[in-house]
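K.L.:
The structure under discussion is supplied below as structure tokens; questions concerning it will follow.
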Amino acid sequence: MDRSFYTRDPAAVARDLLGKVIVRRLEGESLSGRIVETEAYFGGLDPASRAFRGRKNYNSVMFEQPGRIFVYMVHGWWLLNIVAHLQDEVGAVLIRALEPLEGVEHMERRREKRDVRELASGPGKLSQAFAVTKALNGLDVTQGDSELTVVAGEGEPCTISTSRRIGVTKDLPRDLRFYLGDSEFTSR
């Protein structure tokens, strides 16, 4: 998927990422998961956004080129975001949950879980399962040889549902969480 996919409104990108597949190359192995849940975040007018208080060292990637990974920590968990915004704007999409596809045994070891539904059913869980750390911050997902890429999935998602973002105390007055309503792999 090329950069133009991410150079759009974050809400449109968040919705369109559903059904796509994240591929993580790690220790000579490929891990992959189908994206089943996302949230869109905007710039300075979005009180829940990491960009709400302007550009800082920790969030500078969010202001840069779409298609790059933005990683930050919340409650001891690294969270995986992909920068997405129109030119001269700010935004990113939080990847909230994945349906594990490839490398499940590796994910089970990293998560110390056997239930496949518990491996990546939340942003912290998926970061642990896919070894997402600050070291990935700024990585370009549009490059085929990247440690983490996003590729087209098989077919279009069937049931896309929306809601308010999870765990947000100050929010925009619109649904910015997108998920596959029939998936058993969404966040819990």
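Residues are listed down the side, and each one gets a yes or a no for (1) surrounded by fewer than 24 Cβ atoms within 10 Å (Cβ to Cβ); (2) within 24 Å of VAL13 (Cα to Cα):
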{"site": "ILE82", "(1), (2)": "no, yes"}
{"site": "LEU86", "(1), (2)": "yes, yes"}
{"site": "ILE95", "(1), (2)": "no, yes"}
{"site": "MET107", "(1), (2)": "no, no"}
{"site": "ASP115", "(1), (2)": "yes, no"}
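K.L.:
In addition: Collect the residues in the range 26-42 that are aliphatic (A, V, I, L, M) and in contact with a strand residue (DSSP E or B) (Cβ under 7 Å, 6 or more places away or on another chain), keeping them in residue-number order.
P.N.:
Within the range 26-42, LEU31, ILE35, VAL36, ALA40 meet the criteria.
K.L.:
Of the conditions (1) under 22 Å from LYS134 (Cβ atoms); (2) among the aliphatic types (A, V, I, L, M); (3) in contact with a Pro (Cβ under 7 Å, 6 or more places away or on another chain), LEU18 clears all except one; give me its number.
P.N.:
The single condition LEU18 does not satisfy is (1).
K.L.:
Residue check, THR38 against (1) surrounded by fewer than 21 Cβ atoms within 10 Å (Cβ to Cβ); (2) touching a residue at least 24 places away in the same chain (Cβ under 8 Å); (3) polar (S, T, N, Q), all met but one. Which one?
P.N.:
For THR38, the failing item is (1).
K.L.:
Continuing with the same structure: Go through (1) of a type outside the set (Gly, Ala, Ser); (2) under 18 Å from TYR41 (Cβ atoms); (3) touching an Asp or Glu at 6+ places or on another chain (Cβ under 9 Å); (4) in contact (Cβ under 8 Å) with a residue 40 or more places away in the chain and name the single condition ARG117 misses.
P.N.:
Result: ARG117 fails condition (2) only.
K.L.:
Can THR159 be described as out of contact with any helix residue (DSSP H, G or I) (no Cβ under 7 Å at 6 or more places or on another chain), surrounded by fewer than 16 Cβ atoms within 10 Å (Cβ to Cβ), over 14 Å from LEU18 (Cα atoms) and of a type in the set (Ser, Thr, Tyr)?
P.N.:
Against the criterion (out of contact with any helix residue (DSSP H, G or I) (no Cβ under 7 Å at 6 or more places or on another chain), surrounded by fewer than 16 Cβ atoms within 10 Å (Cβ to Cβ), over 14 Å from LEU18 (Cα atoms) and of a type in the set (Ser, Thr, Tyr)), THR159 does not qualify.
K.L.:
Go through the range 21-34 and count every residue that is under 15 Å from GLY144 (Cβ atoms) and either free of Cβ contacts under 8 Å to residues at least 40 places away in the same chain or of a type outside the set (Val, Ile, Thr) (or both). Working first, answer last.
P.N.:
Residues of the range 21-34 that are under 15 Å from GLY144 (Cβ atoms), as a first pass: 21-25, 30, 32.
Filter again for either free of Cβ contacts under 8 Å to residues at least 40 places away in the same chain or of a type outside the set (Val, Ile, Thr) (or both), leaving 24-25, 30, 32.
Of the residues in the range 21-34, 4 are under 15 Å from GLY144 (Cβ atoms) and either free of Cβ contacts under 8 Å to residues at least 40 places away in the same chain or of a type outside the set (Val, Ile, Thr) (or both).
Any read-out appearing in this document is the output of simple, stated calculations on the displayed coordinates, not a laboratory observation. Keep in mind it's a predicted model, so treat the numbers as computed, not measured. Please note: Cβ atoms are built from the backbone with ideal geometry, for glycine as well, and neighbour counts cover all protein chains shown.
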